[in-house]
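These notes concern the structure reproduced below.
The values are calculated or read from the model by the stated rules, or taken from the named source; none is laboratory data. Note that this is a predicted model, so its numbers are computed, not measured. Cβ: placed from backbone, ideal geometry, glycine included. Neighbour counts: every protein chain shown.
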Amino acid sequence: MNVNSALRALREYLGQVEDLHAATSLLGWDQQTYMPPKGAEARGLQLATLSGLSHRIFTARKLGALLARLHDVREQLDPDDAKLIDETLYDYERAKRLPESFVKEFAEEQSKAFHAWIKARQQSDFGLFLPHLEKLVGLSRWRADLLGFEGLRYNALLEDYERGARAEDLRGVLATLAARQSEIVKCIAQTPVRADLGWLNQQWDEAAQWAVSIQILHDMGYDLEAGRQDRSAHPFTTSFHLNDVRITTRTHSDQLFSGLLSSLHEGGHALYEQGFLAKDARTTLAHGPSLGIHESQSRLWENIVGRSLPFWRHYLPLLRERFPGQLETVAAEEVYEAVNQVKPSLIRVEADECTYNLHVIIRFEIEVELLEGNLVAGDVPSVWNEKMKSYLGVDVPDDARGCLQDVHWSHGAFGYFPTYTLGNLYASQIFEAVLKDLPDLWQQVENGSFLPLRDWLREHVHRHGRRKTAADLVREISGTPPGAGPYLRYLEAKYSSLYGFPAPIKRKAPASPR
Ligand code: ZN
């Protein structure tokens, strides 16, 4: 087979694998949006069958032979094709380490654990989830051993979400964030009581919230002919192709901003998925290089843009129109303050920017110890509660609002949480570069003109897909390796001016050399 026909055969083969993934995702999307409750059991089997099938097809010898043939002539290929071979080979070799029987067993346990977790959380009864958590921790340790790792066992799982990241390095970054962010939270706690935000305590028509969210999504450049928004208990984005990228959100009649900001968050993910190159569709390259980079796109829109004053200067008139009589006396500055309230709390997904990473640190520390075998699943609730007290100073009243709050462990997704923090860091670092290229960006935001920002992100982030690693992408955009500096600068600048304390915060020199 000559090189061109081998390349054609590879693309055709990968297209089929991607189609199977898309079908699996579509079943998953349906499971969380429209599936009737009694469909759950059958859906679990369907998902396990499809997962096993795509694993079998993806790890077939035929694909291995094609990849080996093309890898041999890698030097003659154009850079895009060479990248396609490298990335697919990486996935292939990793997938080959997991036997199909293991993949199916894992998928079946995921479905069982997910349903047990829903019940356990509803009844706040950790005991209902415990046997499943034990099973999934065991399977995940096994999975890590099958995949192989250096250093901590956790690294094998982290690699799935944030390729190249190491728990040993993350520890240092997270410790820096914990120290600096708790100083910010302390400064905020010491400032006098803020303006009266009593106006937030009203009923907000949910159809009007929906209409505003659609308007915002449209303005930010989300193509609604190649996507749609539906409702689900936990907002998410899923993509079946760059021309069919869907998001979900949730609205609450007693909360005006929660649903809107969650639409912005998912909209940021969706813009990324819609921004891959058409020629990469149905191949390995039409994906982000890591979840951290994906999350940087959602957080940039939700937090940096969506929680800014210019953004609400633009949208306050629309809110007044959609909620007649409810916001007449409220100024944009008060909306800005309302969407940036800082208060240590129990729930990660509702946490503000200053305390969010502290929630991630707690999960990271617990996961590492579980995977290393230094902590047994049965001790998770007590360790969780101790850490909540020491990092956030809050008492956990029950496990539903404690260690049962997140869905991730019921999916056996250990190693996922740090990508949220990395997303925050990458977003700030990327945004500093945006402002250099688009110095009048904030004026554009105030005018409701978001396309220059979307197009900048398309050019510098989206279109690359998996051609660059997360670290290379951030380094090329910002000129420096990924780090915590830009994020901490962003937090200190924003919250010192919002809450009126001096920035930079004066820090004591470290007591001992590090
Ligand atoms: Zn996200």
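Part of a helix (DSSP H, G or I), within 15 Å of the ligand (Cβ to nearest atom), more than 16 Å from HIS462 (Cβ to Cβ) and in contact with a helix residue (DSSP H, G or I) (Cβ under 9 Å, 6 or more places away or on another chain), is that true of ILE304? So ILE304 passes the test.
Remark: pairs (first residue in segment 221-245, away from the ligand (no atom under 16 Å from the Cβ); second residue among the basic types (Lys, Arg) and in a loop (DSSP other than H, G, I, E, B); Cβ separation under 9 Å; 6+ apart in sequence or on different chains) = ARG231/ARG250; HIS241/ARG282.
Residues being touching a Cys at 6+ places or on another chain (Cβ under 8 Å), buried (at least 21 other Cβ atoms within 10 Å of the Cβ), more than 30 Å from PRO131 (Cβ to Cβ) and not acidic (Asp, Glu) are entirely absent from segment 411-427.
Sort out which residues of segment 325-377 are in contact (Cβ under 8 Å) with a residue 60 or more places away in the chain, under 25 Å from the mean Cα position of the chain (by Cα) and assigned to a loop (DSSP other than H, G, I, E, B), and write them in order of number. Residues satisfying the conditions are VAL339, ASN340, GLN341, VAL342, PRO344. Annotation: GLY373 fulfils all but one of (1) on the phi > 0 side of the Ramachandran plot; (2) modelled with pLDDT under 95; the unmet one is (2).
Among the residues of segment 151-175, the one identified as over 22 Å from LEU375 (Cα atoms) and surrounded by fewer than 16 Cβ atoms within 10 Å (Cβ to Cβ) is GLY164. Could you please let me know if ALA400 is in contact with a Ser or Thr (Cβ under 6 Å, 6 or more places away or on another chain) and either of a type in the set (Gly, Ala, Ser) or at pLDDT below 95 (or both)? Against the criterion (in contact with a Ser or Thr (Cβ under 6 Å, 6 or more places away or on another chain) and either of a type in the set (Gly, Ala, Ser) or at pLDDT below 95 (or both)), ALA400 qualifies. Any residue at all in segment 435-453 that's within 28 Å of THR176 (Cα to Cα), more than 16 Å from the ligand (Cβ to nearest atom) and without any contact (Cβ under 8 Å) to a residue 12 or more places away in the chain? Checking segment 435-453: at least one residue is within 28 Å of THR176 (Cα to Cα), more than 16 Å from the ligand (Cβ to nearest atom) and without any contact (Cβ under 8 Å) to a residue 12 or more places away in the chain.
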